[in-house]
Amino acid sequence: MAMPPALHLAGVVADAEGHPVPGAEIFFVENSKRPLAKQALKTDDRGRFTLVLPEPLDLAMAVLAKGYTPRYLPVPTEPEPKPFEVMLEKAKALKGRVLDFERQPVEGATVKLESWNNTRLLHFRAQTDAEGRLRGRPRRKARSYFP
């Protein structure tokens with residue numbers, strides 16, 4: 001006799017206008033911040049995804065798609081959760097300015113993202129200009145891994 005899955009999760013990733021986002025990458029992480037081995041998937045052509053787990057877990061999900069701001073959110077844990085929608089906003093440039101203690105611009109400072117929600121899924125590195133300004137977009141690492 002086969003046991004039914006403890007968690008069957010289904011949803012869709014869409015943009016702000018409700019259009020599906022195909023090929024979005026979804027990474028599942030236990031809220032203890034331990035990654036679930038091989039529990040990463042991509043949305044289909046209609047932005048849909050499903051995940052079946054044999055036991056209930058307190059999960060969060062990181063959703064990444066090129067051209068969109070990444071999302072990190074809790075996963076519903078009801079025994080029979082309804083399909084849900086993850087809405088992604090268009091990506092915007094990350095801008096900032098580095099100043100010293102006298103509020104003077106710091107030229108040549110390196111600013112980088114070490115981790116995002118306890119993962120190393122995103123990469124950002126920029127150097128400031130003569131005015132201390134930096135600009136860029138965090139991007140998906142070529143190889144995903146968790147600390």
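The values are calculated or read from the model by the stated rules, or taken from the named source; none is laboratory data. Source: prediction; values computed, not measured. Heads up, the Cβs are rebuilt from the backbone with ideal geometry, glycines too, and the neighbour counts pull from every protein chain shown.
Here is how the numbers come out for the structure above:
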read-out	value
Only listed residue being modelled with pLDDT of 85 or more, in contact with a Pro (Cβ under 6 Å, 6 or more places away or on another chain) and more than 22 Å from residue 16 (Cβ to Cβ), chosen from 131, 102, 107	131
Search result, residues across the range 33-57 that are exposed (fewer than 11 other Cβ atoms within 10 Å of the Cβ) and either at pLDDT below 80 or under 24 Å from residue 94 (Cβ atoms) (or both)	37, 38, 54, 55
